[in-house]
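Only one structure is covered here, and it is reproduced in the block below.
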């Protein structure tokens, strides 16, 4: 579907009607989805996009957990008891909930606008020459944010119902210039056909083309807020006890259950480990809980994965810690091979060329695929 929008009053906080309801949107990606978002916002309500890949019973359970008052699906509109949302709330995104009950991240209009404006400014998006393609799941902030950027800037927008490499390439040849992808999808297209490609969701290849931008962000920041290691405009970063913290106008208001981890002075502890260089560039090591402690030494899986993903014969990999009676934890590389044979010592040597020897994997596990979320994040707890 193809359509073009200009700035709309429903994205202007000064014109937003009092928000009362959370509306669950159970629709595939396309023109009708975007039109429904416009109507919902125009009525002063907030949107809860539902992942259409979930079984129907799981969708219903999620809708109940998030407290939606209205459901819009292929059969029409229905009402539920639900729970109200506050004035200014625009979007509730259910996190993956991979280790428990899903959280509903509540984002206000002003946060979505701040993210869209900063991203469009970075990209120098121009309605006269650019066109966005939304092909990531719209139930995730990485996909939904593309719609917001287009709506707010007036840049033409094309929406696909999920990622398909052939359709994406056709869109590029027909004028799409801007796209958000995950690394797995990026490897399946000719990135050079786009003016800019935003890539996030998991470890981004170090050897990416110049037009590919590595993004860092999360649902709680309304999508990416750090591009190529540097914060977008009005985004502040700090690292406290190895944990990345963010302060910016893009931050969420709270979780749907009312919890709010943002500090009194506005900092959000991300739960991600990283460091800020003297030049202000952020390096993300991974989740705080992902760290492997082997022989008393700390190993960040992402740093090892960046090296192994560029090694011959490795299509992709994940690094995990396995219980070890001698070392406490042993570094293990779980690899999707791209060759008939892989030599452990060669992979260890590759890692030791860049990192201390204790970071090198002590064993390999070969698998056909890695478990991932819809946005390409490795689900380590399933390995």
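The values are calculated or read from the model by the stated rules, or taken from the named source; none is laboratory data. None of the values given here were measured: they were computed from a predicted structure. Cβ coordinates were reconstructed from backbone atoms using ideal geometry, including for glycine residues, and neighbour counts include every protein chain displayed.
Based on this model, can you work out whether residue 67 counts as in contact (Cβ under 8 Å) with a residue 60 or more places away in the chain, surrounded by fewer than 19 Cβ atoms within 10 Å (Cβ to Cβ) and touching a strand residue (DSSP E or B) at 6+ places or on another chain (Cβ under 9 Å)? When the stated conditions are applied, residue 67 does not pass them. You will find that of 48, 54, 112, 133, the residue that is in contact with a helix residue (DSSP H, G or I) (Cβ under 9 Å, 6 or more places away or on another chain) and in contact (Cβ under 8 Å) with a residue 60 or more places away in the chain is 112 and no other. In segment 202-227, what residues are surrounded by fewer than 16 Cβ atoms within 10 Å (Cβ to Cβ) and at pLDDT 95 or above? 211 - this is the single residue of segment 202-227 that is surrounded by fewer than 16 Cβ atoms within 10 Å (Cβ to Cβ) and at pLDDT 95 or above. Only residues that are loosely packed, with under 15 Cβ neighbours inside 10 Å and touching a helix residue (DSSP H, G or I) at 6+ places or on another chain (Cβ under 8 Å) were counted across segment 167-181, and they come to 1. Residues that are in contact (Cβ under 8 Å) with a residue 40 or more places away in the chain and in a helix (DSSP H, G or I) within segment 166-200 comprise 183, 184, 185, listed in sequence order.
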